[in-house]
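Engineer: First the structure, which I've put down as structure tokens, then a few questions once you've had a look.
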Amino acid sequence: MPDYRIAEMPQQISAEVRDKLLQVETATIGHSRHWGFMNRGIQPLLANRRIAGTAVTLAIPGQDSTLLHHALSLVRPGDILVVDRLGDDKHACWGGGVTIGAKAAGLAGGIVDGPCTDLAEITDSDFPVWCRGLSPITTRLYNIGGTLNLPVSCGGVQVNAGDVILADESGVLVLPADEAEKRAIEAIARQERINEIQARVKSGEKLGDLLGASKLVLEAMRANA
């Protein structure tokens, strides 16, 4: 018998928090936080996209994508579907048809720990997807089973339903919902400081002086002389 385990849909983050996160680069948070980032093998299929939203977690085995198609009838606008492929790196569960269904449902994007297919259709739909590249070998409706809104592993990171996803051209970050706004505010402030420093460098000041790096190097050289 098929084995499906499905939990309730998670509480969504507020529009206010999502809007703050959409101002933030994942790399800005990566200056101070070194965990929660998915393996860099998970890359965007479309350039210059940034998404933020609530994680809806899905785990599906091998050749079977039955639960993925069912999940598209449950997701809400602003959700991000995070798909654990349970180690399968051969079968593409996400292609043109799933993309059309995901966009119609209002999903903000998809994150797949495995390959996708139908790049041209995904591009034509202008729908942001992060995955481990492309494969022509696809899944089908074999009705084996899977889990929805239970903890999954994606890109080496545990993702819980209701976590917050921030993804851009640099990678994918998973944040606990109660931490997301704080991290967004800190990152926005850091980006403002970075912009100020970059403006001063363009005006002729030296980056090593502004950041204090040159002082550290010179003091070390004097101490070792």
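Read-outs throughout are calculated quantities, based only on the coordinates presented, and are distinct from any laboratory measurement. Note that this is a predicted model, so its numbers are computed, not measured. As a convention, Cβ positions derive from the backbone with ideal geometry for all residues, glycine included, and neighbour counts pool all protein chains shown.
Engineer: Which value, in debye to the nearest 20, describes the size of the charge dipole of region 3-177 about its Cα centre when Lys and Arg Cβ atoms bear +1, Asp and Glu Cβ atoms bear -1, and nothing else is charged?
Structural biologist: 140 debye
Engineer: For the chain, which cysteines have no second Cys with its Cβ under 4.7 Å from theirs?
Structural biologist: CYS93, CYS154
Engineer: With 10 angstrom as the radius, rank VAL112, VAL157, VAL129, VAL201 by how many other C-beta atoms surround their C-beta, starting from the fewest.
Structural biologist: VAL201, VAL157, VAL112, VAL129
Engineer: Let me ask another. What's the longest uninterrupted piece of the chain once you rule out the chymotrypsin sites (Phe, Trp or Tyr not before Pro) that are loop residues per DSSP with at most 16 other Cβ within 10 Å?
Structural biologist: It works out to 36-141.
Engineer: Based only on other Cβ atoms within 10 Å, what is the fewest-to-most ordering of ILE197, ILE165?
Structural biologist: ILE197, ILE165
Engineer: Summing +1 for each Lys or Arg and -1 for each Asp or Glu, what net charge is found among the other residues whose Cβ lies under 10 Å from the Cβ of GLN43?
Structural biologist: +1
Engineer: Helix 96-105: angle to the longest alpha-carbon principal axis of the chain, degrees 0 to 90, nearest 10?
Structural biologist: With both axes taken from Cα atoms, the answer is about 80 degrees.
Engineer: Moving on. What is the fewest-to-most order of MET9, MET221, MET38 by other Cβ atoms lying within 10 Å of their Cβ?
Structural biologist: If I rank by nearby Cβ atoms, fewest first, I get MET221, MET9, MET38.
Engineer: Given region 1-128, what percent of its DSSP beta bridges are antiparallel, to the nearest 5?
Structural biologist: Working: 0 of 11 bridges.
Around 0 percent antiparallel, to the nearest 5.
Engineer: Ok, one more. Can you give the % of DSSP beta bridges in region 73-225 that are antiparallel, to the nearest 5? Could you put the intermediate results ahead of the total?
Structural biologist: Values: 8 of 17 bridges.
Expressed as a percentage, antiparallel bridges in region 73-225 total about 45.
Engineer: Test of the criteria: in region 1-76, which trypsin sites (Lys or Arg not before Pro) are in a DSSP loop and have at most 12 other Cβ atoms within 10 angstrom of their Cβ?
Structural biologist: ARG40
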